[in-house]
Amino acid sequence: MNSRQFQFQSLVQAHSTELFRYALAQCRQPELAEDLVQETFLRAWRHLDKLRDASAARAWLYTILRREQARHYGRKTPERHAVEIDEQFIHDDSVWASPERQCSDAELRAAIEQLPEKYRQPLLLQVLGGFTGVEIAKQLGITANAVMVQLFRARQKLREALVESERSAHGMP
C-alpha cells in the first residue's frame, strides 16, 4: 500500500462515523447519508493532493460533505423524513450530553429538526462535529461573531421549543 492509499484509509477510518452522523442529522435518510459520505470520500480521494495540512483534514472533509449535500439538494429545501436513528447514536453522551437536558431524545431531535437551517447547521457542526466557532465560520463562510450569534439563537429557540413541548405534555397553557 502506498502512502497516498494509507493516508486515505486513515482519513476514512478516523472520520467516516462522525461524517455519517452529521449527514444523517442533516438529511434524516440513512441511505442518502451513506451516499453523501461515500461521495465525500470519493471527492476526497480525487483531490487528496490538495490537502496540505493533515490537521485540517477533518474540516476539509466536512466542507466536502456540506458541498455534496448542496449539490444533492440544489436550491430546494430537503424533504423531512422521520428516521429511526441507531440506539448507539441516541445514547452517545458525547453527542447529546448537556447538564440542562431534561427532555427525551425524541423531543430533542424533533426540536432540532424544527430549527431553521441557518441555526441548525452551525449547532450540528458544533455538537456533532465538535468544531469551534472559528472553524464553523470558515466552513460556512461567515464571521465567527455571526456563528456565535447563530449558536446562541439556536439554543434559545431550542430551549423555547422544549419548554413549549413540556407545557403541552402537561396540559399547561
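At pLDDT 90 or above, in contact with a His (Cβ under 9 Å, 6 or more places away or on another chain) and within 21 Å of LEU124 (Cα to Cα): does that describe LEU65? Give the steps one after another, and end with the answer.
Working: at pLDDT 90 or above: yes; in contact with a His (Cβ under 9 Å, 6 or more places away or on another chain): no; within 21 Å of LEU124 (Cα to Cα): yes.
Taking the combined requirement at face value, the residue does not satisfy it.
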- Residue that is nearest to ALA56 (Cα to Cα) [pool: residues in the stretch 130-149 that are of a type in the set (Val, Ile, Thr) and in a loop (DSSP other than H, G, I, E, B)]: THR132
- So which residues in the stretch 144-173 are in contact with a helix residue (DSSP H, G or I) (Cβ under 6 Å, 6 or more places away or on another chain) and at pLDDT below 80? SER165
- Query: Looking at the stretch 74-93, is at least one residue at pLDDT below 90, over 22 Å from ALA137 (Cα atoms), surrounded by 11 or more Cβ atoms within 10 Å (Cβ to Cβ) and in contact with a Phe, Trp or Tyr (Cβ under 7 Å, 6 or more places away or on another chain)?
  - Reply: no
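The values are calculated or read from the model by the stated rules, or taken from the named source; none is laboratory data. All figures in this text were calculated on a predicted structure; none of them were measured in a lab. So basically every Cβ, Gly included, is an ideal-geometry build from the backbone, and we count neighbours across all protein chains shown.
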